[in-house]
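Worksheet for the structure shown next.
The values are calculated or read from the model by the stated rules, or taken from the named source; none is laboratory data. These numbers come from a predicted model, not from an experiment. With ideal geometry, Cβ positions are generated from the backbone for all residues, glycine too; neighbour counts draw on all protein chains shown.
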Amino acid sequence: MNASPTVGVVMGSKSDYEVLLPCLDLLREFAIPHEARIVSAHRTPDWLFQYAEQAEPRGLKIIIAAAGGAAHLPGMIAAKTILPVLAVPIPSTCLQGIDSLLSIVQMPKGVPVATLAIGKPGAANAALLAVAILAGHDAELGNRLRSWREARRREVLEAELPG
Ligand code: RP5
C-alpha cells in the first residue's frame, strides 16, 4: 500500500500474525492505508515507546494492538499516545486468551483501550471498528461500510441449511 498509513496494526510477536489476518484482510478490502509491525511490550520496550510517540506525528489515526498472555502492548501504547487504541486479545497460551483479555481490558480510568473479542472475531471487528471511526469523516467510506453490512445481512437471510 503506497498512501501513508492511517491505521497502524501492531502485534507482540510474529506468532500473532495469523490471528490478525482477518483484520488485515478487511483493512485491505476497505482500502484503508495501513501498516503492520511487530512491537513487543516486554522484548522491545524502547521500540514500543518510539512507535507510540511517533504514531500521531506520522499521520496514523488509529492503532490496532494485539498481544497474548501478559498482554501489556495495547495499554502501554495507549499510555504514550492519544490516538484511539483498539485491542485484540490473542489466544496464544494454555489459557486460550482469557489471560490476554483480562490483561488488556482492565485499564485504569483515564487511559482507555477499546478491547475486542478474543482471537479472529476480535481481529475482524477491530478493522470494522477502525473503518467505522474513519467513516465519521469520510461519507464514501461510510457508504461502503453500510453496503458491507447489508451483504452480511443478506448472507444470513439467504443461508440454506443442509437437508
Ligand atoms: C506475547 O506473547 C505475544 O503477543 C504472543 O501472543 C505471545 C507469545 O509470543 P511468542 O513466544 O510466540 O513470540 O507477547
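Checked against the criterion of being within 13 Å of the ligand (Cβ to nearest atom), in a helix (DSSP H, G or I) and surrounded by 14 or more Cβ atoms within 10 Å (Cβ to Cβ), the candidates Ile133, Ile77 yield just one match: Ile77.
The residues listed here are Ser4, Ser40, Ser92, Ser15; of these, the one that is more than 15 Å from the ligand (Cβ to nearest atom), outside any strand (DSSP E or B), among the hydroxyl-bearing types (Ser, Thr, Tyr) and more than 14 Å from the chain's Cα centre (by Cα) is Ser4.
Buried (at least 20 other Cβ atoms within 10 Å of the Cβ) and either at pLDDT below 95 or touching a Pro at 6+ places or on another chain (Cβ under 9 Å) (or both): is that true of Gly68 in this structure? Working first, answer last.
On the way: buried (at least 20 other Cβ atoms within 10 Å of the Cβ): yes; either at pLDDT below 95 or touching a Pro at 6+ places or on another chain (Cβ under 9 Å) (or both): yes.
Yes.
Okay, residues lined up against (1) touching a strand residue (DSSP E or B) at 6+ places or on another chain (Cβ under 7 Å); (2) more than 28 Å from Gln96 (Cα to Cα); (3) without any contact (Cβ under 8 Å) to a residue 12 or more places away in the chain:
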{"position": "Ile32", "(1), (2), (3)": "yes, yes, no"}
{"position": "Ile38", "(1), (2), (3)": "yes, no, no"}
{"position": "Thr44", "(1), (2), (3)": "no, no, yes"}
{"position": "Glu56", "(1), (2), (3)": "no, yes, no"}
{"position": "Ile62", "(1), (2), (3)": "yes, no, no"}
{"position": "Ala67", "(1), (2), (3)": "yes, no, no"}
{"position": "Ala70", "(1), (2), (3)": "no, no, no"}
